[in-house]
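Just below is one structure, and these are the notes that go with it.
Nothing in this text is a laboratory measurement; each read-out follows from the coordinates by a stated rule. Predicted, not measured: the structure shown is a model, and the values here were computed from it. With ideal geometry, Cβ positions are generated from the backbone for all residues, glycine too; neighbour counts draw on all protein chains shown.
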Amino acid sequence: MTQKQTTHAESDSESTTESPLETARRQLRTAASRTDVDDGVIERLKHPTRVVEVSIPLERDDGSVDVFTGYRAQHDDVRGPYKGGLRYHPEVNADECVGLAMWMTWKCAVMDIPFGGGKGGIVVDPKDLSDDEKERLTRRFAEEIRDEVGPSRDIPAPDMGTDAQTMAWFMDAYSMQEGETIPGVVTGKPPVIGGSYGREEAPGRSVAIVAREAVEYYDERLEDVSIAVQGYGSVGANAARLLDEWGADIVAVSDVNGGLYDPDGLDTQDVPSHKEEPEGVLRYDSSKTVSNEELLELDVDVLIPAAIGNVITADNADRIQADIIVEGANGPTTSTADTILHERGKHVIPDILANAGGVTVSYFEWLQDINRRTWSKERVNDELESAMLDAWADVKAEVDARGLSWRDAAYVVALNRIGEAKEARGLWP
Ligand code: NAD
């Protein structure tokens, strides 16, 4: 093994275990070195505004009482209210919430959405809760963090272990205590109480839009490219189906059990998505199956990892054949793999841009809520298309002007916006 390979492997084992907070701080350092943003601003951005920890007592269905720990981390609100998910998971902790909140700050800034970054959750395995227990836990959590949230303060959304129903309970609990119906306190609600049409499909749609733009940027025609998609859930299936509709050949898709491969292209409408039939991909009749590892290394033009984080690592980055990688999942590429891909001339379109359709349509939902107006699905999709094209153009301008990678360019765009806002507002007192 060459010295270079050893170094990759060693540093990658570090980066795969890198916590979200370490990742977020590393990304901040890298972006800071490529901008003129004031050192004092960078120092402020290393730290969250606050992290609130609460105890949440829950009466179980059998009458006993358990106490759970909940967090809300608020990273930065210089551009607008904090925004980010609530996650119910046994491994939720304060540092993870801060790291993920920082990630939201960059994501909102690169999209030029007037929000900052937040994240929170409860240390609980939702599988251990009945529906009634989950409702009581959510309502009490909403009460415990009521002073921290609000439509102009901090706006939670669904994340791992939470969904539209969880947001409905949260919104109801908050509204009951405030004495008025306040749909804008959370996004990702059911449309009947102020949720937005098109929200569910939005991250996949933004991945598809960005993939289409990237293909065009590198002088290919969408009709001529082959695409492999890892993960056939909300992000992966929606992205695959749109790209299929727009003329691309989706030659491979997978779920947690493995994937299908057909060099002539799959019928993406027929392959069941995670929502339609969980873990149903392999039940579809296809000539060839592939493992998830093999899918990543297929000879395709575009690869869309849209399942989980850290799947492209120092171990397989040398074997990735796709020229364009569009990050549908959050953090699918480790930092060492990112460097390897960059050295190999591969183009990685980063998650904070590619899957930002989710938070963008959350912003549209909030706009609809505070204005008491409902947008049609067509309007949501049109506005998303134009928001994605604007963000794409801003990041592309940095790539073209300075020869940066797409990831570095996206972080530079985000950090410059945050830096300029902090300069304009100044430090009080
Ligand atoms: P989902 O639960 O709808 O679907 C996940 C899919 O990935 C399923 O097909 C599942 O079988 C598959 N999968 C799970 N583990 C896998 C593994 N080890 N290997 C291969 N496939 C695996 O999830 P989703 O909402 O589509 O989210 C996917 C990713 O996108 C996550 O990283 C998530 O954080 C990110 N993301 C989601 C949203 C959103 O709003 N849905 C927004 C931004 C980012």
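Before moving on, here are some points about what is shown:
- Under a 5 Å amide H cut-off, with hydrogens placed 1.01 Å from N, H89 pairs with I122, V124 among residues at least 5 apart or on other chains.
- In sequence order, calculated HN-Hα J values of region 53-66 (Karplus, 6.51, -1.76, 1.60; Hz; x Gly/Pro): 10, 10, 9, 10, x, 10, 7, 6, 4, 8, x, 6, 10, 10
- In this simple spin-label model, placing a label point 7 Å from the Cα along the Cα-to-Cβ direction at both W428 and D131 gives a separation of 4.5 nm.
- When you count the other C-beta atoms within 10 angstrom of each residue and take the mean per peptide, 150-159, 274-283, 111-120 line up highest first as 111-120, 150-159, 274-283.
- Amide H to amide H distances under 5 Å link V253 with V229, L260, where only residues 5 or more positions off or on other chains count and H is placed in the peptide plane.
- Cα-centred dipole magnitude for the chain, charges only on beta-carbon of K, R (+1) and D, E (-1), debye, nearest 20: 1400
- Mean Cβ neighbour count within 10 Å, used as a protection proxy, ranking 401-411, 372-382, 39-49 highest first: 401-411, 39-49, 372-382
- All-pairs alpha carbon distance profile, region 48-192, 10 Å steps from 0, percent: 13, 45, 34, 7, 1
- Span-like helix ranges in the chain, DSSP H, alpha carbon extent 15 angstrom or more, Kyte mean at least 0.5: 94-110
- Compared with the direct C-alpha span, the chain from D66 to V256 gains 65.1 nm at full extension, assuming 0.36 nm per residue.
- Size descriptor, Kirkwood hydrodynamic radius, that averages inverse alpha-carbon separations across the chain, Å: 22.1
- Distant-in-sequence amide H partners of G233 (H built 1.01 Å from N, under 5 Å): H274
- Among beta bridges identified by DSSP and lying wholly in region 233-351, the antiparallel ones come to about 55 percent.
- Dipole of the chain computed with +1 at Lys/Arg Cβ and -1 at Asp/Glu Cβ about the Cα centre; of L222, I340, H47, farthest Cα towards the positive end is H47.
- Put simply, the Cα atoms of region 202-349 extend 38, 30, 29 Å along their principal axes, the longest span coming first.
- Part-to-part distance (alpha-carbon centres) for region 333-407 and region 223-252, which is given in Å: 18
- Estimated [θ] at 222 nm from DSSP helical runs (n ≥ 4, -39500 (n - 2.57)) normalised by residues in the chain, nearest 500: -14000 deg cm²/dmol
- Applying 1/(1 + (r/R0)^6) with r as the Cβ-Cβ distance of D264 and E420 and R0 = 60 angstrom yields a FRET efficiency of 0.75.
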